[in-house]
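Enquirer: Sharing a structure, written as structure tokens. Questions coming.
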Amino acid sequence: MTKKFSTYTWFLFIFLSLVGIILFITPINTEDGLKVPIAILANTLSANVTGFIHWFAYIVFIIAAVGALIIKFVPETDERTLLDSLFRVNWFWTTMRILAVIFASMYLFQVGPESFTSDITTGLLITPDGGLVTMMFSLFLFAGLLLPLLTDFGLLEFFGSMMVKIMRPLFKIPGRSAIDCLASFVGDGTIGVLLTSRQYEEGNYTAREAATIATTFSVVSITFCFVVLDTVSLNNYFLQFYGSVILVSIILALIMPRIFPLRGKPDTNFNGSTPLESSEIVPEGFNSFSFGLNSALSKADNNKNLGRVIGSGFKNVLEMWFAITPVIMAFGTIALVLAEYTSFFKILGMPFEPILALLQIPFADEAAQTMIVGFADMLLPSILGAGIESELTRFFIATVSVTQLIYMSEVGGLILGTKLPLKIWDLFLIFLIRTLISIPIIALLAHLIF
């Protein structure tokens, strides 16, 4: 039986969900290309705090590391406090926080080996004018405060009921994940990861579903695709490039959930419980639309206390700042140093040379060196391949780098910093499998286009 809801509940569902759609999912044409408003807000704030944002990040790293060390001497109680959420982590993550402080200190004070004081390694992450980590502080501020517009007022419940017949059989994930996927495609992969992590912690995704969504649909933004194409001097091929990215991403989304390691993730919730099988079944007396609407209004009705929602948003911001940004700093720096100052990724890429030669990719030896380096940073393959004379090869490298999806300087580090059920070896294995599946498909598309 359908419950009658107040006008205020209808207002919360319709108006706040609409604002969430506008902020996170509606691209706007700007001087820098298409961007969603949440990214515009983050960029605007970043531009106005360039004088001190890197020092703010540095102080946060120090507090995160010192707090994690101090709280180890404080007995844990049954009630988990905010301090527990921010600082009570195991020794591995404590070490990552300490490394973040060390790496940031080396760059900011220019002390230590050039590999750690360079603008192309540590500086890429914490430089005041556009570093990835410093940019994250602005993005996390707005995302933490405003994500409830997508999650707390019924939008996911409304679309989930209607999308389950598509998302579940095709991609083995809930219908509500359609909003996650859309937020990534038109917004940014980091937004998708944050949304997925929150849904997992709230019990709306199982471990397998959350891992699948985070590593399969957290694609880079359209704007970054323009940057990639500009790097390889193929701006006139955007439609062919982005069409290829979408096609290959869909094929990968069909395959990856059905194979190891994603297939092996447990179908249990964050708290270890088993999800109810009836949660996506439309009850008798409802259709997909009416059930979705009723579920959405029930969700909004349970979140009438906006003060509590805002308080929860500020808590999310602090957790993102203290738990996630040091991890991105630590893993990102290590990955970039390996990529720029060692032959580590070049050696790992050598087995790809005969594969690319077999697929008749020109300059296969040079292209092979870019196949693994994207795990460190997604733009590195395009930078390394920018000087290759063949347009076909540059197109191939750029397209593969985007469909690989996981890179440690941002999305990969972000995933590791959340409570998503993925380890670094999971991420590398998924990255490698995505690469191997993508290569022959993109090679075929490249030969058809050129």
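The values are calculated or read from the model by the stated rules, or taken from the named source; none is laboratory data. Computed from a prediction, not measured in an experiment: that's the story for all the values here. Positions of Cβ are backbone-derived with ideal geometry, glycine not excepted, and every protein chain shown enters the neighbour counts. Keep in mind that these areas ignore ligands, DNA and RNA; they rest on the heavy atoms of the full protein, side chains included. Shrake-Rupley method; radii C 1.70, N 1.55, O 1.52, S 1.80 Å.
Enquirer: How big is the dipole moment of segment 379-450 about its Cα centre under a simple scheme where the beta carbon of each Lys and Arg is +1, that of each Asp and Glu is -1, and everything else is neutral? Debye, nearest 20, please.
Expert: Values: 4 positive and 4 negative charges, 51 e Å.
Here segment 379-450 has a charge dipole of around 240 debye.
Enquirer: Then there's this: Once amide H atoms are placed 1.01 Å from N in the peptide plane, what residues at a sequence separation of 5 or more from THR30, or on another chain, have their amide H within under 5 Å of its amide H?
Expert: Amide H neighbours of THR30, under 5 Å, 5+ apart: LYS35.
Enquirer: Further, regarding this structure: Kindly state, to the nearest 0.05, the FRET efficiency for SER343 paired with THR81, given R0 = 51 Å and r defined as their beta-carbon distance. Walk me through the numbers on the way to the answer.
Expert: Values: r = 47 Å, r/R0 = 0.92.
For R0 = 51 Å, the calculated efficiency reads 0.60.
Enquirer: Post the alpha-carbon centroid distance, segment 240-317 to segment 324-374, in whole angstrom.
Expert: 34
Enquirer: Another one. Please work out how much length the chain gains when fully extended from LEU432 to SER6, using 0.36 nm per residue of separation minus the C-alpha to C-alpha distance, in nm with one decimal. Don't jump to the answer; show the numbers that get you there.
Expert: Working: separation 426, 0.36 × 426 = 153.36 nm, distance 5.14 nm.
Between LEU432 and SER6, full extension yields an extra 148.2 nm.
Enquirer: Tell me the mean residue ellipticity at 222 nm calculated for the chain from its helices only (DSSP H runs of n ≥ 4, each -39500 (n - 2.57), averaged over every residue, nearest 500). Display every interim value, and only then the final one.
Expert: Numbers: 26 runs with 290 residues, N = 450.
Helices in the chain give a 222 nm mean residue ellipticity of -19500 deg cm²/dmol.
Enquirer: On to the next question. Would you kindly work out the equivalent ellipsoid of segment 75-180 from its C-alpha gyration tensor and give its semi-axes, the square roots of five times the eigenvalues, largest first in whole Å?
Expert: Working: eigenvalues 280, 93, 41 Å².
Rounded to whole Å, the semi-axes are 37, 22, 14.
Enquirer: Just going by the charge dipole of segment 366-440, with Lys and Arg at +1 and Asp and Glu at -1 on Cβ, which of LEU405, ILE430, THR418 is farthest out on the positive end?
Expert: THR418
Enquirer: For the full complex of protein chains and a 1.4 angstrom probe, list SER343, SER438 by accessible area with the highest value first. Walk me through the numbers on the way to the answer.
Expert: Numbers: SER343 65, SER438 0 Å².
Largest accessible area first, the residues go SER343, SER438.
Enquirer: If a helix is a whole DSSP H run, which ones in the chain reach 24 Å or further along their own axis (Cα) and hold a mean Kyte-Doolittle hydropathy of at least -0.5? Mind showing how you got there, number by number?
Expert: Details: long enough: 53-70 (25 Å, 2.32); 91-108 (25 Å, 1.33); 238-255 (25 Å, 2.34); 424-449 (36 Å, 2.18).
Helices meeting the span and hydropathy rule in the chain are 53-70, 91-108, 238-255, 424-449.
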